[in-house]
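Colleague: What follows is a single structure, and I will ask about it in a moment.
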Amino acid sequence: MSSLVKSVGTIGGLTMVSRIFGFARDMLLARVLGAGLAADAFQLAFTLPNTFRRLFAEGAFSVAFVPMYSRALHDEGGEEAAAKFADDVLSVFLWALFGFSAIMMIAMPGVVWLLARDFQEVPGKFDFAVFLSRVTFPYLALVSLVAMLSGLLNARSRFAPGAFVPVLLNIVLIGGIVTGWWLRGPGGDDRIVAEALAVSVSLAGAVQLAYMAWAVRRAGLKLHWRFPKFTPEVKKLGMLILPATFGAGIYQVSQFVDTFFATSLPQGSLTLLKLADRLNQLPLGIVGIALGTAILPMLSRHIHSDDAAEAQRLQSNAFEIATLLTLPAAAALAICAPAFTAAFFVGGKFTAEDGTIMAHIVMALVAGLPAYVVIKILNPGFFAREDMRTPVWTAFASLIINIAINLYVVEHYGIVGLAGATAASATINCILLYTILHRRGWFHFTAKLAGRIARQIVAVAAMSALLWWMMPMLAPHYSGGVIERIWSLAALCAAGGAAFFAVAFLVGALDKDLVAMLTRRRGKPAETQE
């Protein structure tokens, strides 16, 4: 538990910094571009490389590469074997990335047509989306190399550099928004801002790669680019990556499905969906991605050493931490969505009507937040055993259900129904994954874990009641001046957090060992200073 919490704290803390910068980025973007033609075109252009990044680089590649690299490092030959494996993978991976990127950029009109054919109904929108997508797509190759370098460090339990690189992306994108706003001037063409943003996406990839190359060299690791060889290990990695693409990336695959349906709705729908997902991504990134990244190398070591008890304990601890943080986050976001959207996003070109629609999208999305996070914990149970097939089937089943639900709800409930379908499919995927893990004897709910989660739900109910009562009382301040917005949201967050953790402590929802460990960790700096 101590090692897990320390790793999650490192990754989650830096991810929180990134999410804060990302939040600032989207606030600026909403005010500068609103939810119109240029904003929709940029959101599509950013969605393409960003979703492929999550799907392949940080999803399929990472979950296949890290266990194999970790095994080579710890069990099969140490530094020399691990270095050779990394060099072989880099030599093949680099050519594959550049080849895929070149093909996609050439075929971009067809790709955009598949995802957003309805953009053709608005003059100039389709061609502009194709242009922006070609400008942003090199980011995929650059950030995929970043993911590989992060995997080298993650396998050695050095999580900080990989968790910090998204901060650089958001800083560069904020610079792109400011630059585009300055170039556009008052009353200028919004496309200028979108073009500046598209350029800044690829520039951010170069900055991230330079930083990770420095971090890897600082850790004493060196990579060599050789003539590509398809060694048995590289072939095995490739065979693992193909099914892991679905197993690790159902959420990302769903993003393409959501994009397709969102572009068929009124202009601005895609932008509102992406901005709403930023609120959903905040706890998902801090908790889910941090937990999934931290437990994969740990779980691999326990499984390779045939320590089933430690593997079970590790996943139980991760599950408990996940629900402790995501259940209250989901409830608070659902109740307070109108306050957050009004305070953070409404202003400039982003209207109050846009804010109302976005709030409803947030409510629908966060219904699946606990499932999104738990999937990040359950998937490593398969990946660490190099079983990539099972998550493929559960992901595929969930995706088909998602599409089937969308065919009905999008027509009747629009963009909000689309968000709800995504949440429902993620929940189904989560249930399927746990059921299979349980039947195979790889992970199961204990009475202690179930009791802890039940107590957490009691604390969530108490917090929700308080927030429900406070929301209308503070409503006039959510759209007031900057100070009014800050203190009203701060009051909601402080009251909700205090209510949850107070009730959680009283009903026994908090693990006493975890609390004691965190208390000791807070005390260490003081002892060191003395």
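The values are calculated or read from the model by the stated rules, or taken from the named source; none is laboratory data. What you are looking at is a predicted structure, and each value in this text was computed from that prediction instead of being measured. Counting neighbours? That spans all protein chains shown, and the Cβs are built from the backbone with ideal geometry, glycine included. We work out accessible area using only protein heavy atoms, side chains counted, and drop any ligands, DNA or RNA first. Shrake-Rupley method; radii C 1.70, N 1.55, O 1.52, S 1.80 Å.
Colleague: Ordering S305, S254 by how much accessible area each has at a 1.4 Å probe, largest first, what is the list?
Modeller: S305, S254
Colleague: May I pose another question? Could you give the nm distance between label points at F227 and A24, where each point is 7 Å from its Cα heading toward the beta carbon?
Modeller: Here the answer is 5.0 nm between the modelled labels.
Colleague: Turning to a different aspect of this structure: Only one of the values (1) 22.7, 91; (2) 22.8, 69; (3) 24.0, 73 was calculated from this structure for Rg and Dmax of the Cα atoms in Å; name its label.
Modeller: (2)
Colleague: Would you please classify the overall shape of segment 372-464 from the alpha carbon gyration tensor, given that a ≥ b ≥ c denote the square roots of the eigenvalues, rounded means a/c under 1.5, and beyond that prolate means a/b larger than b/c while oblate covers the rest?
Modeller: oblate
Colleague: Using 0.36 nm per residue, how much length does the chain from D306 to T356 gain when fully extended, once their Cα-Cα distance is taken away?
Modeller: Between D306 and T356, full extension yields an extra 12.7 nm.
Colleague: Order I457, I241 by their accessible area, 1.4 angstrom probe, all chains in place, largest first.
Modeller: I457, I241
Colleague: Here is a further query. Assign one of three labels to segment 297-336, namely rounded, prolate or oblate, based on the Cα gyration tensor with a ≥ b ≥ c the square roots of its eigenvalues; rounded applies when a/c is under 1.5, prolate when it is not and a/b is larger than b/c, and oblate otherwise.
Modeller: Prolate, since a/c reaches 1.5 and a/b exceeds b/c.
Colleague: Another question about this same structure. Per-residue counts of other Cβ atoms within 10 Å, averaged by peptide: what ranking do you get for 347-360, 38-51, 476-489, highest first?
Modeller: Packing order, densest peptide first, comes out as 38-51, 347-360, 476-489.
Colleague: Measuring from centroid to centroid over Cα atoms, what is the spacing of segment 166-201 and segment 443-457 in Å?
Modeller: Cα centroid to Cα centroid, the span is 47 Å.
Colleague: Over segment 330-408, what relative contact order in percent results from Cα pairs under 8 Å that are six or more residues apart?
Modeller: It comes to 27 percent, rounded to a whole number.
Colleague: Another one. Provide the gained length on full extension for the span I401 to L114, in nm with one decimal, where the gain is 0.36 nm per separating residue minus the Cα-Cα distance.
Modeller: Net length gain for the segment: 101.3 nm.
Colleague: Set the bar at 25 Å for Cα to Cα. Now go through K222/K376; K84/K235; K236/K376; K235/K274 and name every pair that lies beyond it.
Modeller: Long pairs (Cα-Cα over 25 Å): K222/K376; K235/K274.
Colleague: Test of understanding: what is the full-extension gain from A491 to L265, defined as 0.36 nm times their sequence separation minus their Cα-Cα distance?
Modeller: 77.7 nm
Colleague: Would you calculate a helix-derived [θ] at 222 nm for the chain, using -39,500 (n - 2.57) for each DSSP H run of n ≥ 4 and dividing by the full residue count, to the nearest 500?
Modeller: Calculated mean residue ellipticity at 222 nm is -28500 deg cm²/dmol.
Colleague: I want the local charge near L173. Using Cβ-Cβ distances under 15 Å, sum +1 for each Lys or Arg and -1 for each Asp or Glu among the other residues.
Modeller: Once positives and negatives cancel, what remains is +4.
Colleague: From the Cα gyration tensor of segment 84-201, with a ≥ b ≥ c the square roots of its eigenvalues, which class applies: rounded if a/c is under 1.5, or else prolate if a/b is larger than b/c, or else oblate?
Modeller: oblate
Colleague: To the nearest 0.05, how large is the calculated FRET efficiency for W469 and I103 if R₀ is 56 Å and r is the Cβ-Cβ distance?
Modeller: The computed FRET efficiency comes out at 0.50.
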